[in-house]
Amino acid sequence: MRAEAWASRWAALLGAVLLSTGCVTLGPRQGGGAAQAAHALSTLPEVGATAPSLEASPLVASTEADKHAFSAEPGGQERLHRRRSARGLGPDAALASAGEAPASEVASTGPVPEEPPSCGGQAVPPGWPDFSSSPEELLAPFLTCTSPGEVLALQQRVDMPRLLEALDDWSAVRLGTLGPPREDAARLLNDKRTSLLEKAAGAYGRRNAQVLSVLIVDSAYDDDLREILFLLAQDKRLEEALKLLPAFQAALEKRGLKPAARVERGSRLEQMARGLRRLGEDTLSSSPAALDGQEFAFHPIRGQLPPEYQEALEKAEKEWVLNASADDMAVSAFDHVTFGVPLGSYHFVATSLHGVGLLWNGEMEEGTREAAPVLVLALVGGYKGVRYLAKGEGAAGVRLRLRTGAEAAQARLRALTETARQLQGVMNLQGLRDLAGYIRASREAGRFVAAGGADAALALYEARGNVASARPLMSKARPGASGSPPAKSGAGAGEAAGAADEAARLSPRTAAARERPGTLASLVDEGVGHTREVVEAKLAAAELEATGPRLPKDVAILEKHRPSLDAPPPEARGNPRWREYMEYYNERFREVEQGKASKGTLKWEGYEKLRGWFARGLAFERDMVKLLQEDALKPRAERLFLGDFDRPRLETQVGVRKPGTGLRFADVLVIEEGGIGGGPRRVEAFSFKSRDLSGLSERALNTQMIEDAREALQKYGETLDIRRDSLQSLFPEDGKVPVQRVRLVYEGGKLKPTDLNRLKRAVEATKGKVPGVEVLVE
Amino acid sequence: MKALSVHDLKPEDSLLLIFDPAFESKAALKSELEPFFQALEKYSDGWMPDVIEGKRRRKYARAAIWKALEEERDENSTSIGLYRTEWPALDMSFGLWFPPLPPRLRVFIEIKPVSLFSETTRCSQFVEMVRTWASSYPVSHAMAHSTDDLNLAGSPNFGRDDETLFRDGFDKIYMVCWLNVFGPKLVEAVGRERMLSTPAHRVEELPNGSVLVVTRPTVADFASKEARRAQALAHAHLRPDLDFDTVLRTLHERSAMLAPVEPRFHPDLVPLLSRVVDRAASHERQRRIAELNAWCPPEPEEWRPAGSALPPDVDNPQRSLEHYSNLAEHLVALLHSEVPSVFKATPESLTDADFYFWREEFPKSRLREAIDEHAVPAIGAYLGEVLVRNLGGRWIPRQRLEEAQVLVGNRVWFPFVRARNYMRSRQSLLDCSLTWLYRVAERHRG
């Protein structure tokens, strides 16, 4: 059941990834960018329906949106063969030229490669590109890139149209799988793609042609695909291609395109005649001799296919061997490629399929795996992570070394996971699905995200796929994650309010109209481990603990009181969390129906209260994590909390498992990374609580503190089974880790009792009753 | 049968007793504890508990106590609460620790207000109760004193960290309270004779070797000159290493901190500041009043003369106004459950909001990004709306929120800038309060 759900999520995201990973470019202002995009659209009549919507961001975005979306003039056909000399521009220039990107946005794309150009830490060979050299040599520097962003940047340094012209069809298709194309090269790329589609069946056999066609679909944006279909139809080859390559048609349909509708009625007879003739050719070519020849021709291509496509091909061949009439069944084999393991098409991840497995089993906590589809998007937004990582590794030469072998795979995976967490933190699965759709819709979106990473992806989401509207939002799309306040204030900040909000949000009617992500999003802060996953898990735990009034676990009663989105009670009117409450209510309702709920739903007031405390608790936790992080950096003698460690390593929100309590997230685990001299490695767990202790009676204070300490000990103390694979290498193989001390830290300030005698008595009592837990009050 | 919590009363001083004798039950628990409750019932006139709380709340009765202690018992301890349903408020807990914990009684009593103990009889009854208890249950140290004074004195740590506190306890005479029971160890450390010759209202050797020292007949006037002198005399006597004058000076300083201060707040800010003061801990209250008496809010800077207002630069002013109104609505959404008056959008609503943000320590306890991105625009818009509605102001919309202005009389105000300044810190909530800006704008309405 879960697996199915997954599959469908993957399916929804797949195209986005492949496509966006495929491409990257922002043509210079004078000839590229929006103008050409508009032109590309104008050649395809039905595209009008996808014109960018401008509903979002009335104040900020409208000006820019107008500029970008409407001021573009249809370009001339001469664009197709325009030559341009290499510009030697970096990614900044690319961004800036593409739409007057604000400085902050440019800055956020990460370090700019200095001269000489390089990709993935490898300098481009001197003299590159030499247009008289082989396609292999022309393509090589792109293949060393570690992200679509780098591919995009590298494209700015060369005369892309000329380079593309120098490539053979297959090399061009390969280039298309690496990152979004620069706009002025896009049409040429699509020409080459079309050409390969047209001749592949004859040259390599239908089966091989099918896999190529699927790869092309997967690595093209929606606007590319429309163009390719148009070109095929123009050449009167569309119907034939669809007939010969059922996998092609299936892949297109899964992308929501209806290729069959484009087959021109008028030319039908002619086409059928042609198609039949070609079918005949194909049949002929299926003789063993011809087959061998086709296979021979396909051989070099085959080795360069991403592993999943190679696998799919093998599968198709096996089916064909098993079942002589399996010609058409090949479709199902490619089905698997298309909707099974989309990660692979991105070449650098593709090099380490085992790495994907690694991600599955390790890097992410069990509970976090649910969000695996996000990885797909991480590929898109991985640019910054990869860069960061390369930088973070420090010493010179490390980047080069990183590029090969297991280390590189590890590094990439870590970077990807990081980005995945970031994205996963701020939106739900439906949101991701939508985002995937926005990205794959156009090259422009692909380039925007490839250059801007996760921030850009979020901004794009916020702007509902409208790239022009997304630009001004970008620097503020992800509260908290950057750790810095928004670069722009004023109107921009006000407009971004819809992105993810805690304090106050749009009125329900507006919210309903815009389908914004839930307000929980504002609580996400990956810097301290508060991913969406963790936030939700913690909220669920807090909900169980909440003492507010509840409705009983009775389906009839719950049905009767079921809240309505459009008709909140007066006290909830205009409250940004009303929608969230509805979701909570409905989810609990389902659980009650299935007999899985342990408690009924909280009433609205109780839920509001819970959320207030919850937000406060997370804020406190965040502050404490930062405090601990600072503490860890101090010389040992000066540390306030971590003096018992030689080299403390802090890990936040670590999934830990204990018999009876299941999977929990320890707020912070501190692990000795220094020498351990034979003894067990020192481990301490921290648990943070925001609880109003100020109004409690002496007895209630004691009871509460003891209860909290017991819970902390039970969940995070004694012996833990640490689930985070990256930590497991530090510990014995069974993963059983003794925890020397658990510290329970309460938020102070107005929450703590004003009388210290009372407070210290409770702390002392807790110390006596729950040894192993130390209580601190901030 | 709702118990009256000490926290329900306005912040004022209380009497605190801490009594934790070693106690190992050898015979029937009930018979061993009888004397304790007998003494409690006999000497607690005026503050006698009337309800007890275990798993359930019951009327005070011996049988109910045994029942509750039984109910609450876990593997190594039990405890009950004893409260009153009427003024004065009582917070009392009675607990027992059993092996393997160090076996002992844990008794805590807070009676509020301390002024109840200005009567000599009530005080001497209280002393009698503690004397009886200390005679039956030998204690290493017990004390009763003003809660405020204890906190100002740094009790219970007296400058030590928690680890040392829990390890050493009250291992020397850090402080002399109104009522003190010094156990044999402390008596020995000081010297029995010296202890028994302490200058005090009452000094009595108990059968088990402890010494009871009561500095004065009453406790409520602990901060008076005479009381401080008595306290200093006793302390210097028991701690010959301390200088009497220094001890006395310190005590007088504490008294000064607790001496009532008449609030003389800025008239525009009385409604806000008096609520701020009410949130202070009782032992800090007077200092807080003095601080706020001296404090004067800085003149708001978020304005320009009307003549140099920024001209509107938006294409669709109506849309901007709707936007501001929407943002202001966000604040209503945010606050209405805690601050219902925000619906009214009056100057009083601003004061309520000021107090709310201050009380919640909003700038510190919420995510900075959430504040900057959501709270600030909402607050700014709301402030602007209040100026518009109550002072006949007019929005001058701008593309950037920070440049948006409200024209009132001969000034234009920048409510979003104010909101940003306002949300910088807890102190800036007072320095740049919404209330204050409103009042100044009102004065310059012309």
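What shape does the stretch B:256-392 have by the C-alpha gyration tensor, where a ≥ b ≥ c are the square roots of the eigenvalues, rounded means a/c under 1.5, and otherwise prolate means a/b greater than b/c and oblate the rest? Note, shape of the stretch B:256-392 comes out prolate. Listed by chain and number, the lysines whose C-alpha is less than 21 Å from the C-alpha of A:Lys767, apart from same-chain residues fewer than 8 away, are A:Lys689, A:Lys715, A:Lys752. Relative to the longest principal axis of the Cα atoms of chain B, the long axis of helix B:29-43 lies at roughly 70 degrees.
Compute the separation of the alpha-carbon centres of the stretch B:202-233 and the stretch A:685-726 and state it in Å as a whole number. The distance from the Cα centre of the stretch B:202-233 to that of the stretch A:685-726 comes to 41 Å. Placing a label point 7 Å from the Cα of A:Ile557 along the Cα-to-Cβ direction, the residues of the stretch A:587-611 whose backbone N falls under 19 Å from that point are A:587-608. Taking 7 Å steps out from each Cα toward its Cβ at B:Trp295 and A:Asp644 produces label points 4.0 nm apart.
Among B:Thr246, A:Thr652, the order by Cβ neighbours within 10 angstrom, fewest to most, reads B:Thr246, A:Thr652. Counts of other chain beta carbons within 10 angstrom of each beta carbon in peptide A:602-611 average 1.
Considering every residue in B:322-329, what mean count of other chain Cβ atoms within 10 Å of its Cβ is obtained? Across B:322-329, the average partner-chain Cβ count within 10 Å equals 3. In terms of other Cβ atoms within 10 Å, B:His336, B:His235 run from fewest to most in the order B:His336, B:His235.
Taking 16 Å as the straight-line reach from the Cα of A:Lys553, the lysines in range (excluding those fewer than 8 positions away in the same chain) are A:Lys596, A:Lys599, A:Lys603. Taken residue by residue and averaged, Cβ atoms of other chains lying within 10 Å of the Cβ of B:374-385 number 4.
Counting other Cβ atoms within 10 Å as a rough exposure proxy, the listed residues A:Val656, B:Val176, B:Val211, B:Val261 run B:Val261, B:Val211, A:Val656, B:Val176 from fewest neighbours to most.
Here A:Arg636 and B:Arg167 are evaluated by their C-beta separation; at R0 = 30 Å the FRET efficiency comes out at 0.85. Compared with the dominant principal axis of the Cα atoms in chain B, helix B:317-335 is inclined by about 10°.
Our note on the geometry: Cα centres of the stretch A:125-200 and the stretch B:112-126, 92 Å apart. In this simple spin-label model, placing a label point 7 Å from the Cα along the Cα-to-Cβ direction at both A:Arg302 and A:Arg590 gives a separation of 4.6 nm. Stretching B:Arg264 away from B:Asn76 to a fully extended chain increases their span by 62.3 nm, per 0.36 nm per residue minus the current alpha-carbon distance. Peptides B:62-69, B:128-135, ordered by how many other C-beta atoms sit within 10 Å of their residues on average, highest first, read B:128-135, B:62-69. Against chain B, whose longest principal axis is taken from its Cα atoms, helix B:347-359 shows a tilt of about 50°.
Which one, B:Ala142, B:Ala27, B:Ala227, has the greatest fluctuation when you compute a Gaussian network model over chain B with C-alpha springs under 10 angstrom? In this elastic network of chain B, the residue with the biggest mean-square fluctuation among B:Ala142, B:Ala27, B:Ala227 is B:Ala27.
Here's the list of lysines a cross-link from A:Lys199 could span, going by alpha-carbon distance under 17 Å and ignoring same-chain residues fewer than 8 apart: A:Lys236, A:Lys243.
Answer rounded, prolate or oblate for the stretch B:38-189, using the Cα gyration tensor with square roots of eigenvalues a ≥ b ≥ c: rounded when a/c is under 1.5, else prolate when a/b is larger than b/c, else oblate. Oblate is the answer for the stretch B:38-189, as a/c is 1.5 or above yet b/c matches or exceeds a/b.
Overall form of chain B: prolate. Here a/c, set by the Cα gyration tensor axes a ≥ b ≥ c, is 1.5 or more, and a/b is the larger of a/b and b/c. With each label modelled as a point 7 angstrom along the Cα→C-beta vector, the B:Ala61-A:Lys236 pair spans 10.6 nm. Between the amide H of B:Gln405 and those of B:Ile396, B:Arg398, distances stay under 5 Å, these residues lying 5 or more places away or on another chain, with hydrogens modeled in the peptide plane.
Our note on the geometry: Cα centres of the stretch B:12-55 and the stretch B:357-384, 48 Å apart.
Computed from the coordinates by the stated procedures, all read-outs in this text should not be read as laboratory data. Remember, predicted model here, so these are calculated numbers, not experimental data. Because the Cβ atoms are built from the backbone with ideal geometry, glycine has one as well, and the counts that use them run over all protein chains shown.
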